[in-house]
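Working notes for the structure below.
The values are calculated or read from the model by the stated rules, or taken from the named source; none is laboratory data. Just so you know, these numbers come straight off a predicted model, no measurement behind them. Cβ coordinates were reconstructed from backbone atoms using ideal geometry, including for glycine residues, and neighbour counts include every protein chain displayed.
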Amino acid sequence: MRFFEACLCAAVVQQASGLSTLVRPGGVQLRGVAIARGAVAARSPAPEASAVSALFRPLAGPIAALVARPRALTAVVAALVTGIFLWLVRVLNTPSRSYEDGERESGGINSVGKEYDAWTSEGILEYYWGEHIHLGYYEEGQRKGPFYGGKGFIDAKYDFIDQMLKFSKADSPTKVLDVGCGIGGTSRYLAKAFPAATVTGITISPGQQKRATELATERKIGNVDFQLVDALNMTFADNTYDLVGYAFCSAGRLPTPKFQMATPSPRSVFVYR
């Protein structure tokens, strides 16, 4: 019976492929076609497998040689790891938002401003961080996560500004400068806190200047304006401002911060980021 089954399967294969090959009981090999107990399976390798095999075939010799020599294999792996590490160090130490060559000398807006333009247009920072791109203030019992005493991140930022105002001891300033104002959250807050004062926010990002102005207009805050000014090249006259808000996140880009102030007291400058 088994002989009959094998012959029958072979006949089917022969009829389909036009082959004429001697069939043996129990299973036969027909030019790459296997037959065993009525099962027909193609033995021809897939084209994709052949391509991959051809690609890696030249590497088989060197790999086998390295495997046979453990010390050589260790040296190659160590060199590869070292190379990757040095590459990562170089990438991480290369500023991605550095000043472009000659742009400061030519009076142009630097590439840092362009990055802030991109973030502002995407709305990512405003969506997640709110209008104030700085940190918050938490009381003693509010400094442990994950709930931080129930204080929200946005509320903590307003509290931080209030604490910095207390530190500055500013009662009724008339001219306020916000250096590195972002999209103007702190500038608008100060303008509302001191309605008789004139508040000026400066940034190197045209996108931030535009968004800050839009939000001030929407909220009908008329005593604040936003200017495109480089903090290292300010043209304000001396003794112009009696309160200056200095954005801490700008510190890395302001090697020699200069502020024109009417009040010489150090407390007239407060860092809010």
Exercise. Filtering segment 107-122 down to residues that are of a type in the set (Val, Ile, Thr) and not in a loop (DSSP other than H, G, I, E, B), which residue is nearest to residue 232 (Cα to Cα)?
Worked result: 112
For this session: Report yes if residue 227 is part of a strand (DSSP E or B) and modelled with pLDDT of 95 or more, otherwise no.
Result: yes
Problem set entry | Test: residue 166 is among the charged types (D, E, K, R) and surrounded by fewer than 15 Cβ atoms within 10 Å (Cβ to Cβ) | yes
Exercise. Quick one: in segment 154-189, which of the residues that are in contact (Cβ under 8 Å) with a residue 24 or more places away in the chain and of a type in the set (D, E, K, R) is nearest to residue 215 (Cα to Cα)?
Worked result: 188
Problem set entry | Check on residue 198, among the hydroxyl-bearing types (Ser, Thr, Tyr), surrounded by fewer than 17 Cβ atoms within 10 Å (Cβ to Cβ), closer than 21 Å to residue 167 by Cα and modelled with pLDDT of 60 or more | yes
Problem set entry | Which listed residue, of 150, 130, 185, 123, is closer than 14 Å to residue 223 by Cα and either at pLDDT below 90 or among the small types (Gly, Ala, Ser) (or both) | 185
